[in-house]
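The values are calculated or read from the model by the stated rules, or taken from the named source; none is laboratory data. As the structure is a prediction and not an experimental result, all values here were calculated from the model. Note that we place each Cβ from the backbone using ideal geometry, even for glycine, and neighbour counts take in every protein chain shown. When the accessible area is computed, the model is the full protein with side chains, heavy atoms only, and any ligands, DNA or RNA have been set aside. Shrake-Rupley method; radii C 1.70, N 1.55, O 1.52, S 1.80 Å.
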Amino acid sequence: MAELDPLISRAQRGEPQALRELFQRYRGDVTRIAFRVLGPSADLEDVVQEAFVQVYRSLGSYQGAAKFSTWLYRLVTNVARMHTRRERSRPRLDGSRADALEAQSSPEPRPDAGAERSERLRALYSHLERLSERKRTVLVLHDFEGLPASEIAEIVQAPVLTVRTRLFYARKQLYASLAADPSLAELGRELLGGDVGAPRAATRDANGERNE
Amino acid sequence: MSEARSHEPKLGALRAHREGKLSAAGRARIEQHLAGCETCCEARAGMQRYETLLGIARGAPAPELDFAHMDAVLAREAARLARKRQIQRVARPLALAAVACLAFVAMRASREPAPSPRPAQPDLRAAPAVPSQARALAVHITAIVGAPRALDEVGQPVLLTLDTMPREGWILETPARSELHFVLEDGAALLIPAGARIRLDRVRPDEVQIALLRGRVVNAVQPLGPNRRYAIAAAGYAVEVRGTHFAVEHLEPGLGVQVDEGAVAVSRGGVLVAEVRAPGRWRGAGALAAPGADERALRRPRAPAGAFETWPALQIPPWPQVVGWEIDGAALIAADELRMRVPPGALALQALLESGRRVPVQITVDPLGTRFDPRALQLRPRHRAGSAQPEAGTPDAAQAAAVIRAAQPALQRCYERSLRRASHGALRARLRLQIDARGNVSRAELRAEQGLPVPATFAKCVRGVAQRWRFEAPGGSGITFDAPLAFQTRN
């Protein structure tokens, strides 16, 4: 078994200074992971704080068998999942209409790329929300966080084959859902000129011929 | 290859094609297939859209969070864990047995049916039959809005002023549009919002117990020593505290607890039912929703420092458009006449408007007391600079949206209540509002779109909420407009 990082050992013993350093060291990561799992959400801060509270409480269970990052990913995705479940079981006022009302009336033009990116991010996550929790988690960890299937398998505690299967079906469902969304039509139009934005695409010249 | 019209989209091949991993012949085959296959074309469109959006998502930075605040909360949690560890080290063998016993009993208790609704008198000691040796703590009122009521130990009504000092046995009540803030000699601060009724059962250095008879109370309690107890009793439960900031709400027939800092232990009939730690909400036995469904963070009652008993009083009358005040670290509603103890000299206030805007103002408080006239805020309905004049019949849509958004919590409560028995699924509705010349809502009618019926209780509740709204005065004969609303249940 690998030797534990001394900071983690001290934190496990409950040293407040070590816990604080742990927070400072990992708060960026935890925020990023929670943000990727939840999407743009007003509850991000709640979830991040709750995640660290859980880190403090359950740090004792980390033995060093897996990577600390794996343990942390698992904890954060669990906290986010619990949070989403709690929020789901309460009837909510859909605020999107009120926002749309304001957006229509705003006299100042908002052409800045930042606003457009936010809109698209919201659109993506609204489609992601239609996936089951399991499929969505795997998709986010793989495509957004770039983790390999083997590590995801450890995080979600399922066989690697299951992870790959969930990933396949998640993408399939998402493609269909995105293709059927008329508000995303302009995205398609932007792409008519070429394969813009395809990750891991091989280079192509102007004719679309593959460059060897 | 199958000639079937619809088939599973060839995702693997499409991906390979996009990534340029196919041979020339392979590419040609796919492109020929795509020319005639709508399913695969759709899949490819979806794939392209996903890849674009994914690129945006991967590049999007997480928003800035208030880590300083989190650091403070977590530091307290770490300290709490450290203390717990210390206690465990000392008392471990005994503790294990006790915890097991409690857990068993608590599980049994939670399976009991919800108590039948009846005016809940807490099943705990009431006013002490035997006077304690320790003298009672002084209770100082620090702010009053409107006209809260009090009954003294023998049931006589008492007029509450900033100089009144409530005592053990007193009942304090806040009718609508009133609010009471007070502190105990040991530094605990309490905020009684409108609609509550409490009884000061015990107010001693070693024990504070408050019976929450109705409504909610928000507490900020100094960290307690080992021999001190601070508890709120409500609906048959006792909520016991270990140095925290939390709210307890009596929700007939149950109880709600929200903890912003620290932790509370909830017990029933002397049996531990739940431990709620910050940030946490808990509800028991039939309560519909935990408190604070309308506020993400609790309004913080404030314990003024120093010899505030000698501070002068600040008075502020209610004023249209002003819904609240932030003064000297306390947040108060502005529904009625406000009186608050404040330090003499320069004071910074903030008026919170209906529209969500905050208006800062600086005043000087006279040592003998000051009355602030909100006219000085110079509030006037005005359009945002540069925005077009709204069309006749349409209020400034942004302002309308802001008013409605601010009312979301109230509308949510209407919806939650009406869902008690029936399930409605998604509901789109149109709220038709008639605004008179001064900006008051003279009529509010809720109609569902798509021809679906709107439950009568829900419509009535929404009407009641909407009729309290105020908009910028349109003048003339007023206006009518529709506000779209959507409600969803997620299962």
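Step by step: first the residues of region B:328-342, then only those that are buried (at least 17 other Cβ atoms within 10 Å of the Cβ) and free of Cβ contacts under 8 Å to residues at least 60 places away in the same chain, then the one that is nearest to residue B:308 (Cα to Cα). Which residue is that?
By that ranking, first place goes to B:342.
Of all residues in region B:137-186, exactly one satisfies the criterion of being in contact with a Leu (Cβ under 7 Å, 6 or more places away or on another chain) and among the polar types (S, T, N, Q), namely B:174. For residue B:416, the conditions (1) acidic (Asp, Glu); (2) modelled with pLDDT of 80 or more; (3) in a helix (DSSP H, G or I) are fulfilled apart from (2).
Pairs linking a residue in region B:174-200 that is more than 15 Å from residue B:210 (Cα to Cα) and in contact (Cβ under 8 Å) with a residue 12 or more places away in the chain to a residue that is among the polar types (S, T, N, Q) and surrounded by fewer than 22 Cβ atoms within 10 Å (Cβ to Cβ), with Cβ atoms under 6 Å and 6 or more positions apart or on different chains, are B:187/B:222.
The set of residues from region B:16-27 being surrounded by fewer than 17 Cβ atoms within 10 Å (Cβ to Cβ) and under 18 Å from residue B:51 (Cβ atoms) comprises B:16, B:19, B:21. Evaluated against (1) farther than 30 Å from residue A:30 by Cα; (2) surrounded by fewer than 17 Cβ atoms within 10 Å (Cβ to Cβ), residue B:30 falls short on exactly one condition, (2). Across region B:222-252, the number of residues qualifying as open to solvent by 10 Å² or more (accessible area, probe 1.4 Å), modelled with pLDDT of 75 or more and closer than 24 Å to residue B:152 by Cα comes to 1. Applying the condition of being at the interface with chain B (Cβ under 10 Å from one of its Cβ atoms) and open to solvent by 30 Å² or more (accessible area, probe 1.4 Å) to region A:1-25 and asking which residue is nearest to the chain's Cα centre (by Cα) yields A:24.
Every condition in (1) farther than 30 Å from residue B:412 by Cβ; (2) surrounded by 15 or more Cβ atoms within 10 Å (Cβ to Cβ) is met by residue A:28 except one, and the failing one is (2).
Within region A:164-181, if we keep just the residues that are part of a helix (DSSP H, G or I) and without any contact (Cβ under 8 Å) to a residue 24 or more places away in the chain, the residue that is surrounded by the most Cβ atoms within 10 Å (Cβ to Cβ) turns out to be A:175. Cβ-Cβ under 9 Å, sequence separation 6+ or interchain: first residue in region B:51-76 and more than 7 Å from chain A (Cβ to nearest Cβ), partner among the acidic types (Asp, Glu) and open to solvent by less than 40 Å² (accessible area, probe 1.4 Å). Which pairs? Between residues of region B:51-76 that are more than 7 Å from chain A (Cβ to nearest Cβ) and residues that are among the acidic types (Asp, Glu) and open to solvent by less than 40 Å² (accessible area, probe 1.4 Å), the close pairs are B:72/B:261; B:76/B:261. Among the residues making up region A:29-65, those that are at the interface with another protein chain (Cβ under 8 Å from one of its Cβ atoms), within 21 Å of the chain's Cα centre (by Cα) and more than 19 Å from residue A:126 (Cα to Cα) are A:31, A:45, A:46, A:48, A:49, A:50, A:52, A:53.
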